[in-house]
Amino acid sequence: MSTHNVWTHKGTFLLAAVGSAVGLGNLWRFPYLTGENGGGAFILVYALTIFAVGIPILIAETMLGRASRRSPIMGMRHLTRTHHASRAWESIGWLGASSAFLILSFYSVIAGWAIHYTWQMLTGSLTGADAETIGAGFDALLASPGLLTLYHTLFIIASGLIVGMGIHRGIESSLRIMMPSLFVILLVVLAYGIANGDIGAAASFLFTFNLADLSLEGWLQAMGQSFFTLSLGMGAIMAYGAYMSSEASLTRTAIAIAVVDTAVAMVAGLAIFSLVFGAGLGPGQGPGLMFVTLPLAFAEMPFGALIGGVFFILVLGAAISSSISLIEPVAAFLVERFDLTRPQAVTLMVVASWALGLLTVTSFNVWAEGTLFHALFGRSAFDLIELLTNIFMPLGGLLIALFAGWALTHSEVMKEMRTSEAWFTVWRFLVRFVAPAAVAFVFLRSIPQVEGYLIPTIGALVIVGAFAAGRTFLVEPSQEP
Ligand code: TRP
């Protein structure tokens with residue numbers, strides 16, 4: 001059974017995909033990674049991968065969704081049948097569903113921290129606080145399983161309610177209110193940063209390139225980030241693409257998504273570093289940048305409590321518009337495959353992911369370093385889950401690029417892309433060779449054991465892999481008669 005659902009407007013896919021893409025990745029992860037990796041050089045590599053790898057895979061993933069008009073798992077099943085390809089490609093759907101489930105479990109816990117900070121800011125409890133107090137406050141939050149679970153529960157319920165109300169009444173209508181508000185808040189925070197912070201220092205930190213500053217590690221993180229921030233490789237975009245109007249241009253939409261997503265990351269980076277530098281603080285805080293350094297900057301500035309509160313509402317909104325796109329692909333699958341009602345399907349997904357999220361909660365306290373869990377797995381549950389998603393997402397993206405690049409026929413792709421023959425050729429070259437190579441690079445890096453053999457292995461692997469995938473898995477050649 002296909003879903004038959006289509007977004008109300010031609011432009012809704014763009015809205016939904018931007019909602020998915022803009023999230024903790026832009027506001028939390030991008031600034032701290034940039035801060036840790038020396039600024040401009042990191043951004044240069046990040047922007048290059050967005051265009052050479054991100055956009056082509058974004059087009060590929062949307063294409064698979066729109067061509068099948070089904071949830072990722074059922075959609076891939078359908079496409080392998082109609083293209084006489086091996087059913088092994090269905091793993092794209094399964095990998096995606098697993099990643100969605102895993103990502104949601106920890107995404108919700110971290111988004112929950114933003115609930116805490118919204119509250120702390122708006123009640124003024126941090127006004128005038130010093131570095132030690134704010135650092136201790138963050139540590140105390142992480143040390144409390146009860147508090148973390150409470151916020152995690154609130155966040156995941158809110159996300160579930162939106163998806164449970166359906167793609168029109170739930171997802172579309174909430175995004176239509178949320179996304180414009182988020183852009184306004186972002187601009188307000190930027191204006192505040194310009195007025196109270198050191199925007200010049202922020203701009204020169206972000207836009208002065210010195211490639212020598214960037215380690216190999218930094219390169220890989222930049223590529224991984226460009227992937228994460230576009231929500232690629234795990235079926236979210238495919239699920240939304242299944243509802244996309246056949247009339248909208250894929251190429252133009254994908255470019256628009258990437259441009260908006262990148263612009264949001266840059267503006268957030270400018271605003272955050274302007275405040276951080278203005279308060280005389282350092283950029284290299286790591287994950288604590290948003291939850292320790294930034295509240296500290298707000299604590300010292302006029303109206304800091306109010307703007308800080310508004311900023312954390314922005315974080316929450318961006319996180320929710322992403323988390324709903326994590327629920328949708330799995331819920332749509334359960335509805336299609338098992339004939340559940342949408343509320344039942346959403347409940348199933350959310351409850352399971354919520355339970356898994358408890359493992360992330362415990363990683364910061366009862367099962368932190370030095371406990372049995374750590375001893376057994378060599379890392380916290382949170383790190384383990386993150387490691388898994390860091391493997392599944394790129395792997396999903398790799399397979400999506402290969403399938404779209406080798407299995408779909410020329411006329412199918414042209415029908416979806418609606419571009420010139422020249423663009424088609426560029427795109428196909430990118431998804432067949434460049435994107436798989438780049439993704440394999442990031443992917444292999446995420447498996448710690450292969451680190452030493454990384455570079456020599458990759459070239460061979462990718463070329464062999466691309467051809468093997470193209471020829472062996474496809475019973476019929478992908479060319480048209
Ligand atoms: N793009 C999201 C962000 O920047 C994070 C993310 C990664 C995501 N993969 C996803 C969100 C899949 C939704 C679906 O925060």
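Restricting to the range 134-149, give me the number of residues that are exposed (fewer than 15 other Cβ atoms within 10 Å of the Cβ) and in a helix (DSSP H, G or I).
The qualifying residues number 4.
Inspect all residues belonging to the range 112-121 and state whether any of them is within 16 Å of the ligand (Cβ to nearest atom), in a helix (DSSP H, G or I), touching a His at 6+ places or on another chain (Cβ under 7 Å) and open to solvent by less than 60 Å² (accessible area, probe 1.4 Å).
Scanning the range 112-121 turns up at least one residue that is within 16 Å of the ligand (Cβ to nearest atom), in a helix (DSSP H, G or I), touching a His at 6+ places or on another chain (Cβ under 7 Å) and open to solvent by less than 60 Å² (accessible area, probe 1.4 Å).
Yes/no matrix, rows are residues, columns are (1) open to solvent by less than 70 Å² (accessible area, probe 1.4 Å); (2) within 25 Å of K10 (Cβ to Cβ); (3) assigned to a loop (DSSP other than H, G, I, E, B); (4) touching a residue at least 12 places away in the same chain (Cβ under 8 Å):
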{"residue": "Y151", "(1), (2), (3), (4)": "yes, no, no, yes"}
{"residue": "L154", "(1), (2), (3), (4)": "no, no, no, yes"}
{"residue": "S159", "(1), (2), (3), (4)": "yes, no, no, yes"}
{"residue": "V163", "(1), (2), (3), (4)": "yes, yes, no, yes"}
{"residue": "S174", "(1), (2), (3), (4)": "yes, yes, no, yes"}
{"residue": "P180", "(1), (2), (3), (4)": "yes, yes, no, no"}
{"residue": "L187", "(1), (2), (3), (4)": "no, no, no, yes"}
{"residue": "L190", "(1), (2), (3), (4)": "yes, no, no, yes"}
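Does L79 satisfy the criteria of being away from the ligand (no atom under 15 Å from the Cβ) and open to solvent by less than 10 Å² (accessible area, probe 1.4 Å)?
Yes.
Within the range 41-49, identify whether any single residue is open to solvent by 10 Å² or more (accessible area, probe 1.4 Å), under 16 Å from V264 (Cα atoms) and small (G, A, S), and answer yes or no.
yes
Could you list, in sequence order, all residues of the range 1-44 that are closer than 13 Å to G241 by Cβ and away from the ligand (no atom under 16 Å from the Cβ)?
T3, N5, V6, W7, T12
From the set of residues in the range 222-234 that are more than 8 Å from the ligand (Cβ to nearest atom) and small (G, A, S), which is surrounded by the fewest Cβ atoms within 10 Å (Cβ to Cβ)?
If we take residues in the range 222-234 being more than 8 Å from the ligand (Cβ to nearest atom) and small (G, A, S), then G224 is surrounded by the fewest Cβ atoms within 10 Å (Cβ to Cβ).
Taking the range 85-110, which residues are away from the ligand (no atom under 15 Å from the Cβ) and in contact (Cβ under 8 Å) with a residue 24 or more places away in the chain?
Passing the criteria: A85, S86, A88, W89, S91.
Could you tell me which numbered condition L64 fails, if it satisfies all but one of (1) open to solvent by less than 20 Å² (accessible area, probe 1.4 Å); (2) under 16 Å from the mean Cα position of the chain (by Cα); (3) under 25 Å from M417 (Cα atoms); (4) of a type outside the set (F, W, Y)?
All conditions are met except number (2).
If we only count helices (runs of 4 or more DSSP H) wholly inside the range 289-394, which ones have 3 or more residues that are more than 16 Å from the ligand (Cβ to nearest atom) and open to solvent by less than 40 Å² (accessible area, probe 1.4 Å)?
293-299, 304-338, 342-363
Only one of (1) touching a Phe, Trp or Tyr at 6+ places or on another chain (Cβ under 8 Å); (2) surrounded by fewer than 20 Cβ atoms within 10 Å (Cβ to Cβ); (3) within 30 Å of W423 (Cβ to Cβ) is not met by A256, so which one is it?
(1)
So that you can scan it fast, the table gives a plain yes or no per residue for (1) without any contact (Cβ under 8 Å) to a residue 24 or more places away in the chain; (2) of a type outside the set (K, R); (3) within 18 Å of L24 (Cβ to Cβ):
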| residue | (1), (2), (3) |
| --- | --- |
| G112 | no, yes, yes |
| L122 | no, yes, no |
| S125 | yes, yes, no |
| A129 | no, yes, no |
| G135 | no, yes, no |
| A140 | yes, yes, no |
| G146 | yes, yes, no |
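The values are calculated or read from the model by the stated rules, or taken from the named source; none is laboratory data. Note that the structure is predicted; figures quoted are calculated from it, not measured. All Cβ positions, even for glycine, are placed from backbone atoms using ideal geometry, and neighbour counts span all protein chains on display. We work out accessible area using only protein heavy atoms, side chains counted, and drop any ligands, DNA or RNA first. Shrake-Rupley method; radii C 1.70, N 1.55, O 1.52, S 1.80 Å.
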